[in-house]
Amino acid sequence: MSTIEPVLEGPTAIRSGYGRRDVARAGPVLGVLRYVGSQRIGLEPLGKELAVPTLPVSELKGRKLGRVLTKLGYCTREQVHEALAIQKTKKDKIGKILVDLGYISEMQISEALAGQAGMEYRDLSDFEIPDDVVDAIPAENANAYGIVPVEYDPGKKFLRVALKTHENFQAVDDLRLLMGFKVEAVVASPEAV
């Protein structure tokens with residue numbers, strides 16, 4: 001393994017029961033720095049789907065947006081406090097201010113809002129939806145509700161749908177009544193849905 005000295009970005013220390021791992025960027029390589037105690041043992045490249053540390057939704061639900069963003073590792077506490085100071089004069093939402101400052105992206109806001117609402121976020125950009133799943137909901141209903149079915153099990157009467165926004169509870173309730181299925185929702189980017 002070549003000696004690469006990664007440049008750490010954002011809040012990097014992520015504690016676990018097995019030591020510490022830091023998300024790092026070394027040139028074009030995004031990876032996890034592995035530690036044993038305080039000894040760094042290497043950089044393990046990450047795939048796109050693992051580039052962001054994932055937390056259980058229960059750790060995010062109901063928290064303030066700034067706290068959710070810092071727990072996800074998208075920005076630092078200092079950046080959140082800077083945005084809060086600006087918010088006192090600008091009267092914008094904190095997420096918009098952080099995006100305007102260039103600290104986070106719209107996708108990261110969507111993921112944080114989903115976590116805050118107790119919902120999972122799913123990236124659909126490389127997700128192939130099987131035909132039987134697409135056929136589970138009539139196209140008119142999917143378009144009307146702004147949803148995409150992502151998982152379907154007719155035997156268990158289970159349907160998982162991706163919503164454009166965490167606020168679309170009406171679609172989930174209506175689908176439960178319409179289909180008689182257990183319906184779970186995840187949030188995806190509006191462009192993907």
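The values are calculated or read from the model by the stated rules, or taken from the named source; none is laboratory data. This is a predicted model, so every value here is computed, not measured. As a convention, Cβ positions derive from the backbone with ideal geometry for all residues, glycine included, and neighbour counts pool all protein chains shown. Side chains included, ligands, DNA and RNA excluded: accessible areas come from the protein's heavy atoms. Shrake-Rupley method; radii C 1.70, N 1.55, O 1.52, S 1.80 Å.
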| field | Residue check, V187 surrounded by 19 or more Cβ atoms within 10 Å (Cβ to Cβ) and in contact with a Phe, Trp or Tyr (Cβ under 6 Å, 6 or more places away or on another chain) | value | yes
| said: Against the definition (in contact (Cβ under 8 Å) with a residue 12 or more places away in the chain, open to solvent by 80 Å² or more (accessible area, probe 1.4 Å) and in contact with a Lys or Arg (Cβ under 9 Å, 6 or more places away or on another chain)), how does K157 come out, yes or no? | reply: yes
| task | Quick one: which helices (runs of 4 or more DSSP H) lie wholly within segment 98-165 and hold at least 2 residues that are at pLDDT 90 or above? | result | 106-116
| remark: Here the residues within segment 170-193 that are in contact (Cβ under 8 Å) with a residue 12 or more places away in the chain, assigned to a helix (DSSP H, G or I) and touching a strand residue (DSSP E or B) at 6+ places or on another chain (Cβ under 8 Å) are A171, V172, L175, M179
| task | Go through (1) open to solvent by 30 Å² or more (accessible area, probe 1.4 Å); (2) free of Cβ contacts under 8 Å to residues at least 60 places away in the same chain; (3) closer than 22 Å to P56 by Cβ one by one and return the number of the condition G95 breaks. | result | (1)
| task | State the number of residues belonging to segment 165-184 that are open to solvent by 70 Å² or more (accessible area, probe 1.4 Å) and either among the aliphatic types (A, V, I, L, M) or farther than 18 Å from V133 by Cα (or both). | result | 6
